[in-house]
Amino acid sequence: MLVNFKRIPAEIRGMIKGKVAMVTGAGGGVGKAISKRLASEGCKVVLLGRDRAKLQKAASEIGDKKNTMTIITDITKEAEVLSAIDQTINSFDKIDILVNNAGIINDPVPFHEMTDDQWDDLIKTNLIGTFRMTKAVIPVMIKNGGGSIVNISSVLGIRSIPNVPLSVYGVTKAGVIMFTRSIAVEYGQYKIRCNCIAPSTIRSSIIEPYLQDEGAKKLLESTFPLRKIGEPEDIAGAVAYLCSDDSKWVTGTVMMIDGGISAKQ
């Protein structure tokens, strides 16, 4: 079910109005939903990603050329990250929000069969990319008098799933959680908040083929207490809350957006 933002009361939509947000991985399903949600609430949104076509499509769906911009950025490369920061400040003067959403996942493979390239890709994107964006944004936020950073982790950063060998992916997402807590403690004195969202299964192009089989779909949904998988908009709503003044005393937290599955395991 898609959220109709026009039906959200204006006073709620305006809670982060005028803030400047950078969203990494904005061309993917969750990143696009986050970008749309922040834009709908009055943010100026900078969409970052490596795929120009996907970014342009996401920006066109937002439809506000004045208050959105796309920047082709590989977050694992320092020069491209710094360029994205400079372009954002040149266009919008400040950065209030950073959503470290970009991430990759590998096909399940036993750890002892993984290659260096496989785990290097996971570490570079999921951890080092998050480090680079955060490091580049913090001085800007300190100068501005504060800001909000939201990192996207995973329930696999908290627990493993039997028969699903994703050890290194899980390690990178666990690292994102500890990084969130460390940044929250270290930079709270500058009024910079840092929080983390840990989703479970979210509808995406990766799992969509499995949902075409009604039996497989019902089996997957039955594992969740709410009897359904998550939608990208579920993550977007949590991000909007964590970026708003409603959460002004929330930092260093990990928000489980998982249909209740962590409560039973």
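The values are calculated or read from the model by the stated rules, or taken from the named source; none is laboratory data. Nothing here was measured: the structure is a model prediction, and the numbers come from that model. Because the Cβ atoms are built from the backbone with ideal geometry, glycine has one as well, and the counts that use them run over all protein chains shown. Side chains included, ligands, DNA and RNA excluded: accessible areas come from the protein's heavy atoms. Shrake-Rupley method; radii C 1.70, N 1.55, O 1.52, S 1.80 Å.
Roughly to the nearest percent, how much of the accessible area of the chain is carbon and sulfur, given a 1.4 Å probe?
C and S atoms contribute 54 percent here.
Classify the stretch 118-265 as rounded, prolate or oblate, taking a ≥ b ≥ c as the square roots of the eigenvalues of its Cα gyration tensor: rounded when a/c is under 1.5, otherwise prolate if a/b is larger than b/c and oblate if not.
Note, shape of the stretch 118-265 comes out prolate.
Given the Cα-Cα distance of residue 90 and residue 262 and 0.36 nm per residue of separation, how much length would full extension add, in nm? List each step's numbers first, then the result.
On the way: separation 172, 0.36 × 172 = 61.92 nm, distance 4.28 nm.
Value of the extension gain: 57.6 nm.
Tell me, how many Å apart are the Cα centres for the stretch 202-265 and for the stretch 136-164?
Answer, in whole Å: 17.
Say R0 is 22 Å: what FRET efficiency, to the nearest 0.05, do residue 64 and residue 143 get from their beta-carbon distance?
FRET efficiency, residue 64 to residue 143: 0.25.
Kyte-Doolittle cut-off 0.0, length cut-off 20 Å along the helix's own axis using Cα: show which whole DSSP H helices in the chain pass. Walk me through the numbers on the way to the answer.
On the way: long enough: 78-92 (21 Å, 0.24); 129-144 (23 Å, 0.41); 167-187 (30 Å, 0.75).
For the chain, where a helix must reach 20 Å along its axis and average at least 0.0, the hits are 78-92, 129-144, 167-187.
If I model a spin label as a point 7 Å beyond the Cα along the Cα-Cβ vector, how far apart are those points for residue 164 and residue 109 in nm?
Label at residue 164, label at residue 109, 1.9 nm between them.
Over 5 Å intervals from 0, what percent of Cα-Cα pairs in the stretch 118-165 sits in each interval?
5, 16, 19, 20, 16, 11, 8, 4, 2, 0
Remind me, what semi-axes does the chain give for its equivalent ellipsoid, largest first in whole Å, using sqrt of 5 times each Cα gyration tensor eigenvalue?
So the equivalent ellipsoid measures 28, 22, 18 Å along its semi-axes.
Give the span of the stretch 124-201's Cα atoms along each principal axis, as three whole-Å numbers ordered largest to smallest.
47, 19, 19
Hey, rough spin-label estimate for residue 186 and residue 246, points 7 angstrom out along Cα→Cβ, what's it come to in nanometres?
It is 3.0 nm.
Quick one: accessible area per residue over the stretch 25-174, 1.4 Å probe, rounded to a whole number of Å²?
47 Å²
Which value, in debye to the nearest 20, describes the size of the charge dipole of the stretch 3-160 about its Cα centre when Lys and Arg Cβ atoms bear +1, Asp and Glu Cβ atoms bear -1, and nothing else is charged?
Here the stretch 3-160 has a charge dipole of around 940 debye.
Would you work out if the stretch 40-157 is rounded, prolate or oblate? Take a ≥ b ≥ c from the square roots of the eigenvalues of the alpha-carbon gyration tensor; rounded if a/c is under 1.5, else prolate when a/b is larger than b/c, oblate otherwise.
prolate
Dipole size in debye (nearest 20) for the chain around its Cα centre, Lys and Arg Cβ +1, Asp and Glu Cβ -1?
Computed charge dipole of the chain: roughly 880 debye.
Amide H neighbours of residue 193 under 5 Å, at least 5 residues apart or on other chains, H built in the peptide plane: list them.
Correct list: 147, 148, 149.
What is the gain in length, in nm to one decimal, between residue 77 and residue 220 on full extension, counting 0.36 nm per residue of separation less the C-alpha to C-alpha distance? Mind showing how you got there, number by number?
Working: separation 143, 0.36 × 143 = 51.48 nm, distance 3.71 nm.
Length gained, residue 77 through residue 220: 47.8 nm.
Only Lys, Arg, Asp and Glu count, each charged at its Cβ (+1, +1, -1, -1), so figure out the dipole size of the stretch 111-229 about its Cα centre, rounded to 20 debye.
740 debye
Taking the Cβ of residue 91 as the centre, find all other residues whose Cβ is under 11 Å away and add up their charges (Lys, Arg: +1; Asp, Glu: -1).
Working: positive: 44, 66, 94; negative: 86, 93.
Its environment carries a net charge of +1.
Over 15 Å apart: what share of the alpha carbon pairs of the stretch 21-90 falls there, rounded to a whole percent?
Considering the stretch 21-90, 44 percent of its Cα-Cα pairs are separated by more than 15 Å.
Can you compute the helix-only [θ] at 222 nm over the chain? Use -39500 (n - 2.57) per DSSP H run of at least 4 residues, normalise by all residues, nearest 500 deg cm²/dmol.
-12500 deg cm²/dmol
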